[in-house]
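This report refers to the structure that appears directly beneath it.
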Amino acid sequence: MRIPIFLAGLFILALGVPAMRILEKPASYGFLTGALTLGGALIICGLFSLRNRWHGIIGAGVIALLGASRGIENLAALPVCLLDRGARGPAPVLESAVALTCILLLILVVRALFAEKKRKLLADEKDE
């Protein structure tokens, strides 16, 4: 589970570079700040997971939930922006990529937590 956390963080950080080249200056700085914050937080959670596995994974789940909740509205507006070629340009595509990454990471974290819960229940059942 650590590898997807690091990959998601690096992917979100890497999206800041094309955003600086593609978007206009005020929007590009805003996107870069958000990418550095969200991607950096995921990298930090990945580093925490090296020392204490579940603290890092749960922290990454919380960060992914924040990123997904912030970007879910961009996913809903993506088809309109792609068909209309709206005034925002390629920003919705970049924001939707971040939202999809966060949603995927959130699903992986929830699956890992359910698998751990099931493992503990089975281990307790064997002890009895």
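Things to note:
- In segment 1-107, the GluC sites (Glu not before Pro) that fall in loop regions by DSSP, at most 16 other Cβ within 10 Å: E24
- The helix-only estimate of mean residue ellipticity at 222 nm for the chain, built from DSSP H runs of length n ≥ 4 each weighted as -39500 (n - 2.57), is -33000 deg cm²/dmol after division by the residue total.
- For segment 2-127, the spread of Cα positions along each principal axis, largest first, Å: 62, 28, 17
- The angle between the Cα long axis of helix 53-84 and the main principal axis of the chain comes to about 30°, on a 0 to 90 degree scale.
- From phi via Karplus (6.51, -1.76, 1.60), per-residue ³J(HN,Hα) for segment 45-51 in Hz, x at Gly/Pro: 5, x, 5, 4, 5, 5, 8
- Choice from P90, P26, P18 with maximal GNM fluctuation in the chain (Cα, 10 Å cutoff): P26
- Backbone geometry of segment 101-115 corresponds, through the Karplus equation with coefficients 6.51, -1.76 and 1.60 at θ = phi - 60°, to 3J(HN,Hα) couplings of 4, 5, 5, 5, 5, 4, 4, 5, 5, 5, 5, 5, 5, 5, 5 Hz, x marking Gly and Pro.
Coordinate-derived values only; no laboratory data. Since the structure is predicted, the reported quantities are computational estimates derived from the model, not experimental observations. Don't worry about glycine lacking a Cβ; one is built from the backbone with ideal geometry, like all the others, and counts go over all protein chains shown.
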